[in-house]
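**Q** The structure's right below; bear with me while I get my questions together.
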Amino acid sequence: VRFSDSVPGFLTGRTTFGTLTPVVSGGTATFSCNASSGGTVTCTQTGGTLAPGERVTVAVDVVRPLADGSFTNTATVTNTVEGDPNSANNSAQDTVDILPIADVVMTGKSATPDSLRAGENVSYVLSYANNGPSLAQGVVVSDTFTFANAGDTGFTVVSVSSSRSGSSCSIAAGAQITPAANSFNCTIGTLANGDTHSVTVVMRPNFMAGNPARTVDNTARITTTSTENPAGGDNGNNSQVESITINPALLN
């Protein structure tokens with residue numbers, strides 16, 4: 001006896017299975033199960049006999065990611081030794097709806113240079129991606145600056161560019177990032193499975209009275225309106241932190 005089931009929505013190299021354990025209701029039959037790299041589970045009788053009325057059951061636990069969509073799942077049984085007087089009942093079907101799920105991730109946040117003088121330019125690069133498997137909707141990338149001194153004069157934005165066509169950012173050249181207005185966001189829109197993009201912002205730390213050295217931290221974050229984890233949460237990979245040191249200006 002051999003029975004098989006091709007798992008719907010299976011993604012080669014990404015979808016995995018739990019332990020496949022055949023359970024036989026009495027008798028001497030034994031079975032062994034395995035899953036192919038393409039997502040087909042096959043269970044083959046390895047010994048004993050399966051008497052009339054006896055059953056074999058296998059729970060197939062499938063671990064995401066899976067492709068989303070509506071599928072018809074078909075399981076089939078065959079007998080490779082004896083004849084089968086009624087092959088019309090050798091398969092059974094069920095439907096399954098796999099809801100979309102996307103895993104957006106902040107893949108990097110860098111500042112070049114990370115130590116500079118007031119009045120010099122620093123280039124921030126915010127890198128992000130969608131690990132999928134589904135399309136991510138309502139994607140927004142934001143960056144929040146944390147100033148140790150509430151009186152910090154902040155930054156002047158020199159330029160803003162986004163590699164994602166059609167995206168838009170809430171700041172432009174000449175904007176000020178200060179303790180009172182310490183963040184900006186870029187509306188990305190949709191992000192396909194495997195897409196990787198970045199936002200580059202060039203800023204100039206403003207001169208501050210007393211010309212002190214100071215440190216400014218900032219956190220880049222990506223969000224999506226799509227579900228990222230069926231259990232809730234964002235998989236813990238949606239933010240990156242960077243810090244720069246602003247040294248006293250040489251001229252003021």
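The values are calculated or read from the model by the stated rules, or taken from the named source; none is laboratory data. In this text the structure is predicted, and so the values were computed from the model without any measurement. Here Cβ is always computed from backbone atoms with ideal geometry, including for glycine, and neighbour counts include all displayed protein chains. Only protein heavy atoms, including side chains, enter the accessible area calculation; ligands, DNA and RNA are left aside. Shrake-Rupley method; radii C 1.70, N 1.55, O 1.52, S 1.80 Å.
**Q** Using a simple charge model, +1 on the beta-carbon of Lys and Arg, -1 on the beta-carbon of Asp and Glu, nothing else, what dipole does the range 120-252 show about its Cα centre, in debye to the nearest 20?
**A** Once rounded to the nearest 20, the dipole reads 200 debye.
**Q** Let me ask you something else. What does a probe at ASP61 reach in the range 9-43, counting residues whose amide N is under 15 Å from the point 7 Å along Cα→Cβ?
**A** 16-23
**Q** Kindly report, to the nearest 10 Å², the accessible surface of THR12 as traced by a 1.4 Å probe over protein heavy atoms only.
**A** It works out to around 100 Å².
**Q** Here's another thing I want to ask about it. I'd like to know which of ASN131, LEU99, SER25 lies farthest towards the positive end of the charge dipole of the range 1-152, counting +1 on Cβ of Lys and Arg and -1 on Cβ of Asp and Glu.
**A** The residue sitting most towards the positive pole is SER25.
**Q** Can you tell me the FRET efficiency between ALA209 and THR187 if r is taken as the Cβ-Cβ distance and R0 is 45 Å, rounded to the nearest 0.05?
**A** About 0.80, to the nearest 0.05.
**Q** Take the Cα coordinates of the chain, assign each an equal point scatterer, and use the Debye formula without solvent to give log10 I(q)/I(0) at q = 0.09, 0.13, 0.14 Å⁻¹.
**A** Debye intensities relative to I(0), on a log10 scale: -0.58, -0.85, -0.92.
**Q** Top mean-square fluctuation among LEU135, LEU66, LEU50, Gaussian network model of the chain, C-alpha springs under 10 Å?
**A** Looking only at LEU135, LEU66, LEU50, the biggest GNM fluctuation is shown by LEU50.
**Q** Have a look at ALA209, ALA35, ALA67 and tell me which one the Gaussian network model of the chain (Cα, springs below 10 Å) gives the largest fluctuation.
**A** Sorting by GNM fluctuation, first place goes to ALA209.
**Q** What size of dipole, in debye to the nearest 20, comes out for the range 22-168 about its Cα centre when the only charges are +1 on Lys and Arg C-beta atoms and -1 on Asp and Glu C-beta atoms?
**A** Taking the Cα centre of the range 22-168 as origin, the dipole is about 280 debye.
**Q** Mind checking which of PRO52, PRO100, PRO230 has the largest fluctuation in a GNM of the chain, springs on alpha carbons under 10 Å?
**A** Judging by the Gaussian network model, the answer is PRO52.
**Q** Out of the total accessible area of the range 111-153 (probe 1.4 Å, heavy atoms of protein only), what percent is carbon and sulfur? Mind showing how you got there, number by number?
**A** On the way: 790 of 1680 Å².
Accessible surface attributable to carbon and sulfur in the range 111-153 totals 47 percent.
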